[in-house]
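Reading through the structure tokens given below for one structure.
Each reported figure results from applying straightforward, stated rules to the coordinates on display, with no laboratory input. Quick caveat, the model's predicted, so the values are computed rather than measured. In this analysis, Cβ positions are derived from the backbone assuming ideal geometry, glycine residues included, and neighbour counts consider all displayed protein chains.
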Amino acid sequence: MTTALFRPARLATLGVFALAGLIFWVSFNTAQGTNIRSDDSMLRLSDLIQERSRANAELDSSAAEIREDVDALAQRDGGRSTQEKKRLERLEKAAGTQKVTGSGLTVSLDDAPTDATAEVPGVPEPQPNDLVIHQQDLQAVVNALWEGGAKGIKVMDQRLISTSAVRCVGNTLILQGRVYSPPYTISAVGDQEKLREAIDASPAIRNYLQYVEAYGLGWKVDKKDELSLPGYSGTVDLRYAEPKD
């Protein structure tokens, strides 16, 4: 009776050891006998990300050139009426595929120094996350500029459209397949006063400015008499959207 009771337990123990051996073998095979946490591995991953970002930038540039050629051919051979051409121009402008110029604002954000300390009495000493720009900070500026009536917005060197997503991993910005490090620059064409009023009225930006004052994060707003935002050159297809009834 005692033997029968312990037999399943022994079998379970053997199964656990067999599974553990399989995991160790898979781990070894994946690492190929190398330290998978080594600095070299991290450097190779960083290099791969940067190389892919450069490749995406080159593809964006090539796509923009092809789009210009296609647009030129369409204008020459399309046979559109004046009304159709004006409607197409309005749609392209709304979609963000046309270049936009005019006066506006440029907002710059940057990480605080890594050795920053609290600069305001009574404020606790900063944690690492307190010293870097986060996705919510960039998104707050973009949202405020749209709220202020921006005719177009550019983050770093890329034009934003309705499907653009501002995402951060750590303190690295990933935008439309390309990777950026701080400082970050956001430019908007529009009425300077209205844009500035929208920035000042944003609760999320006011919260960020508290960290600017306390820990020395970067923040600068400049008026620009002449800004030029490139037209968006990537794909504008909506893969999962459906028309609203």
#### Entry: Amide proton proximity set for ARG167, modelled H, under 5 Å, gap of 5+
ILE174
### Task
Pick out, from VAL166, TRP146, LEU195, the residue whose Cα sits farthest towards the positive end of the charge dipole of region 126-245, with +1 on the Cβ of Lys and Arg and -1 on the Cβ of Asp and Glu.
VAL166
### Task
List, in order, the whole-Hz ³J(HN,Hα) value for each residue of region 122-132 obtained from phi through the Karplus relation with A = 6.51, B = -1.76, C = 1.60 and θ = phi - 60°; use x for Gly and Pro.
x, 8, x, 4, x, 8, x, 5, 6, 9, 10
### Message
Below 8 Å between Cα atoms, with a sequence gap of 6+, how large is the relative contact order for region 139-219 in percent?
### Response
36 percent
## Note on the structure
Which residues qualify? For THR97, with a placed amide H closer than 5 Å and at least 5 residues away or on another chain, they are TYR232
